[in-house]
Amino acid sequence: MAFDWFWKTMGTFPTKNQKKSKAVVAQAGADRFREASDAELREAATSAVVKQDLDEYGQGRVGRVVDDSKLLGAMREGARRTLYLSPFDVQMQGTLRLLAGDVVEMATGEGKTLAGAMAAVGYALQGKRVHVVTVNSYLAARDDAWMGPMFDFFGLSHGAISEDLNSDERRDIYARDVVFSAINELGFDVLRDQLITKREDQVRSEADVAIIDEADSVMVDEALVPLVLAGSEPGAAPMGQITELVKSMKEQEHFLISEDHRNVFLTDAGASYAERKLGIESLYAGGDANENADTTDAEDQDSAVSAEPTGAELLVQINVALHAEHLLQRDVHYIVREDKVLLIDGSRGRVADLQRWPDGLQSAVEAKEGLQVTEGGRILDQITIQALLGMYHEVCGMTGTALAAGDQLRQFYGLNVSVIEPNVPTQRFDEADHVYASAEERDEAVIAHILDIQGSGQPQLVGTQDVAESEHIAHALERVGVECSVLNAKNHEAEAAVIAEAGRPGRVTVSTQMAGRGTDIKLGGADESERDEVVEAGGLHVVGVGRFRSQRLDNQLRGRAGRQGDPGSSVYFVSIEDDVVSVGGAGEELQAQPDEDGLLKLKKVLNFVDHCQRVTEGQMLDIHATTWKYNKLIKDQRDIINGRRDKLLDTPTAWDDLSYHNVDKANALKAEGISEEVLEQAARDIMLFHLDHEWSEHLAYLDDVRESIHLRAIARESPIDEFHRMSIAAFGDLAERAVAKARQTFDEVTITSEGAQLGDIGLHKPSATWTYMVNDNPLSSGGGSVIGSIAQMFR
Ligand code: ADP
């Protein structure tokens, strides 16, 4: 048929493991254990695995499953008795692949929660401690409560971590067999545990396995987002005059913006202009990170903090301000609400509650918007999600869209993807893209299309790239008399209500990507009262305005339609001017003549759009790979610090060292009758204080190095090598420096039966700590960010 290429159905791809898992599931049977008593059922499950608590090799627990089908059969019956859900074969296949350590792809609504929980039972029965990583704390609590009876049945303890728990409550929950938690909570607890000065204060217990829900989003989109623990100490410098300066600068003359909109560069003329305006001699003088690296005198580093900003520091500030002014757009990368800058998560389209940009950039955007600049804290420690996941011996996960992330999952985690067929075959039709010559013509076509479909009674979900575009489309619809609801980061409170109504006949919902995942649009409204009418009309129709940065994100939006065998359809309207096409296809000429409406009808145009998207995906993969190298180094250094911390915490090393260093003082303290325990702890407090302080200084220094490398990168051949060299040099004597300072402190500090009085000599631990996620992930902020730009430079 001539139109064959015009229609394509979304199929799933068979994998080599599918056949095998189907056979195992068939063996597990539908009612193999129906007649068994509860005790027999438990016995069947436990005898299907080898449980091993020993961790002889420091490689985690080594239990394993010896009889897959028996285990699955017993769990199916257990789920039926406790949850009143009888797992479908496809869920059991999912569980089986999770137990084999894969990322499984199962469509929305297929019951991933149960498949994941059964895998948790399977792992926990082997004696492994399992963390089930959920998208947020609400889901952690919900899934724990929902799946709890099944864990109870198999004699496994379980619980959920949430923000409002105190340390004692957390410690109790972490000690259980199966722990549900959002990823950021897990990360924040790791960071806080890295600040303890007594072992009994540790909150986390070692875990063996992580089962990750929405695995592609956590492991790929958010993998490089650092979780940060900050302490309240005065921070970032004010930016006032820099903001004014930058606003007066002209593109081309004073600065250049790279074609992909990820970088902004100061020109020589721009630098002279800034020097003149700021009344300084040179932006390129002083504060050279290279020189600092060789500084062994710690005093120098400390005093530099409070001094007038050097030329180099001003240069950093100017670049950050240019970045804020020209690369970060209001209503695309962030919104302003109640006088606050709120970041938008690029892959979810929602306000990213806990996220900030790196300190300087956050302040610069606040200054740009004329808001009060928030105080930055001192970064005490940080960890990326990827490094956090590296702490587990086994990682697996489930998601609706894994296959398209297969490359990344393999490259960065060594994980395979298993595609599980839907329980009921999908009936969704995905029409080929309509490609237009300009964004304007594309939008006109979108409006005409929505009007057209509306007559049929099909509800429509219109997916846009960002807040601004969703508003633009909504206004255009209003003008032609189409009523619509809008769902974007600005009105997420209305989300539940909007989604509840989105499936009603003839309803139009315009949304950003936040409707892309996790939202369940029921045909005929939340109560499904008008379901028959909507099914008759053809189900939900998804209209994508512009392709997303990756096919995976496109498919997430399409996936709203045709759930669980419902009818549905989808189509994307694209223009050659869209970012994905113009960036991905930069430098390539497309020979095609549009018709009078601007429509480009040729098949090669569709291929070109696909090609551009793949190029964009490839670029992001490169950035990811480079940023990963950069983070790996910090992680390796953190591991060394942790080893040292453990030794200080668990042995009297600190006291041994300090008492040997100052024998007189040690003897005097003993003579005062202060107990050995108190003395050991006092020494530990002193040593750990300086070790942590030096580490925090080191992180701040690495930040400066990144910035300065970024600025000088143009002239450098391999910035990442340069970064390695400088960071290794600076790390070299960190531990020694900490010990030297600790010895000095030991000489000066008063130690009483209450311990070391560090506060008396001005050594204060941060009075309060708080945690946040830094949004510096080049993959989730499209337009780029400081670190995104730097990663770009590394390529
Ligand atoms: P997903 O996360 O894959 O989108 P959920 O785990 O939220 O799906 O489950 C979707 C719905 O399917 C839930 O309402 C759940 O109760 C239901 N469900 C899951 N498994 C079964 C089953 N085996 N039998 C009947 N209903 C099920």
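The values are calculated or read from the model by the stated rules, or taken from the named source; none is laboratory data. Note that the structure is predicted; figures quoted are calculated from it, not measured. A quick note on method: Cβ atoms are made from the backbone with ideal geometry, for glycine too, and the neighbour counts reach across all protein chains shown. Heads up: the accessible areas ignore ligands, DNA and RNA and are worked out on the full protein's heavy atoms, side chains in. Shrake-Rupley method; radii C 1.70, N 1.55, O 1.52, S 1.80 Å.
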Q: Report the residue count in segment 532-581 for those that are acidic (D, E), part of a helix (DSSP H, G or I) and under 30 Å from H261 (Cβ atoms).
A: 2
(Q) If H158 meets every condition in (1) open to solvent by 20 Å² or more (accessible area, probe 1.4 Å); (2) within 13 Å of the ligand (Cβ to nearest atom) apart from one, which number is that one? (A) (2)
Q: Output the residue which, of all residues in segment 67-94 that are surrounded by fewer than 24 Cβ atoms within 10 Å (Cβ to Cβ), outside any helix (DSSP H, G or I) and not polar (S, T, N, Q), is farthest from the ligand (Cβ to nearest atom).
A: D67
Q: Only residues in segment 75-91 that are touching a residue at least 24 places away in the same chain (Cβ under 8 Å) count as the first member; pair them with residues that are more than 6 Å from the ligand (Cβ to nearest atom) and among the hydroxyl-bearing types (S, T, Y), Cβ under 8 angstrom, at least 6 apart or cross-chain, and list the lot.
A: M75/T95; P87/T95
Q: Assess whether D578 counts as being assigned by TED's automatic domain parsing to the domain that holds S470 and either open to solvent by less than 50 Å² (accessible area, probe 1.4 Å) or within 16 Å of the ligand (Cβ to nearest atom) (or both).
A: yes
Q.
Given the criterion within 14 Å of the ligand (Cβ to nearest atom) and over 18 Å from V50 (Cβ atoms), identify the matching residue among R97, R142.
A. R142
Q) Taking interchain pairs and intrachain pairs at least six residues apart, which have beta carbon atoms under 6 angstrom, with the first residue in segment 211-232 and part of a helix (DSSP H, G or I) and the second more than 16 Å from the ligand (Cβ to nearest atom) and hydroxyl-bearing (S, T, Y)? A) D221/S347; D221/S780
Q) Counting only residues that are part of a strand (DSSP E or B) and open to solvent by less than 10 Å² (accessible area, probe 1.4 Å), which one in segment 414-446 is farthest from H541 (Cα to Cα)? A) S418
Q.
Restricting to segment 105-129, give me the number of residues that are touching a strand residue (DSSP E or B) at 6+ places or on another chain (Cβ under 6 Å) and farther than 20 Å from S217 by Cβ.
A. 5
**Q.** Criterion (at pLDDT 95 or above and either over 20 Å from S157 (Cα atoms) or not assigned by TED's automatic domain parsing to the domain that holds Q52 (or both)) met by exactly one of G78, G116, G94
**A.** G94
Q. Does A120 count as away from the ligand (no atom under 16 Å from the Cβ) and hydrophobic (A, V, I, L, M, F, W, C)?
A. no
Q.
Within segment 105-117, take every residue that is closer than 14 Å to H131 by Cα and more than 6 Å from the ligand (Cβ to nearest atom) and give me the one that is farthest from the chain's Cα centre (by Cα).
A. A117
Q: Report yes if some residue within segment 608-627 is more than 28 Å from the chain's Cα centre (by Cα) and either open to solvent by 40 Å² or more (accessible area, probe 1.4 Å) or closer than 30 Å to Q458 by Cα (or both); otherwise report no.
A: no
